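Engineer: First the structure, which I've put down as structure tokens, then a few questions once you've had a look.
Nothing in this text is a laboratory measurement; each read-out follows from the coordinates by a stated rule. Bear in mind that the values here come from a model prediction, so they are computed numbers and not experimental data.
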Amino acid sequence: MSIRSRHAAVLACRPVLGRLPGAEHIVAGGAPWRFGFHGDLKDPAEIFAASVRLTGRLQRTHPQIARILVRTGMAYLTSDSGQAPQAMRDLQAAADNGRLDIDDVRTAVAMAGGALLGVLHLLETSPDLDAERVTDQLASRLLCMFGMTRAEAQELATRPLPSPPGPCHRCPRPDRATATERARSTRHSKAG
């Protein structure tokens, strides 16, 4: 996908970007794994886990947004604007509350965001993988990496998630061909 195509996809989805977990970072320039869409969750460790899980699921629910994150996301991990500072505050709150063992929040954002971008890429290249299982496993392993016991991490990473908003009717979907794709398909079927 060209830069112009990526930008067009982002602009087409702009009305819903603020409601999608992770997607507002494309426009706002923040950390790609922290979204602020966490419903009524209060525990900062659970908010972190839910954010990771919801973002990982973007690969199946909003694949174009996930693809943009995979291709452009590394720069957002160290951004001084957008959601990166909020991600650092959330992780610091989890550390301050004794929920996670974090020495340096910038490093924690880089570790978690890098792992999440890697999983998004894996899910993009392996459509047969169960995105829910893989992202729940990622969230659990990240919680363990930050000092949580395996049992508690698995429990947090399998709790019900807040319901994300529905898909944007303007966002390209893999199950809906564009008018150009339909015309191309019709021409090819008539020619054959």
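Engineer: Note the full-extension length gain between Asp80 and Arg60 as 0.36 nm times their separation in residues minus their Cα-Cα distance, in nm to one decimal.
Structural biologist: Stretched out fully, the Asp80 to Arg60 stretch lengthens by 4.3 nm.
Engineer: Hey, another quick one. Taking a temperature of 4 °C and a viscosity of 1.567 mPa s, what whole-number D in µm²/s does Stokes-Einstein yield for segment 39-85 with Rh from Kirkwood over alpha carbon pairs?
Structural biologist: 108 µm²/s
Engineer: Short version: ³J(HN,Hα) in whole Hz for each residue of segment 150-158, in order, from phi by Karplus 6.51 cos²θ - 1.76 cosθ + 1.60 (θ = phi - 60°), x for Gly and Pro, what are they?
Structural biologist: 4, 5, 5, 4, 5, 5, 5, 7, 10
Engineer: Shifting gears a bit: Over 5 Å intervals from 0, what percent of Cα-Cα pairs in segment 39-169 sits in each interval?
Structural biologist: Final binned percentages: 2, 11, 21, 23, 23, 14, 5, 1, 0.
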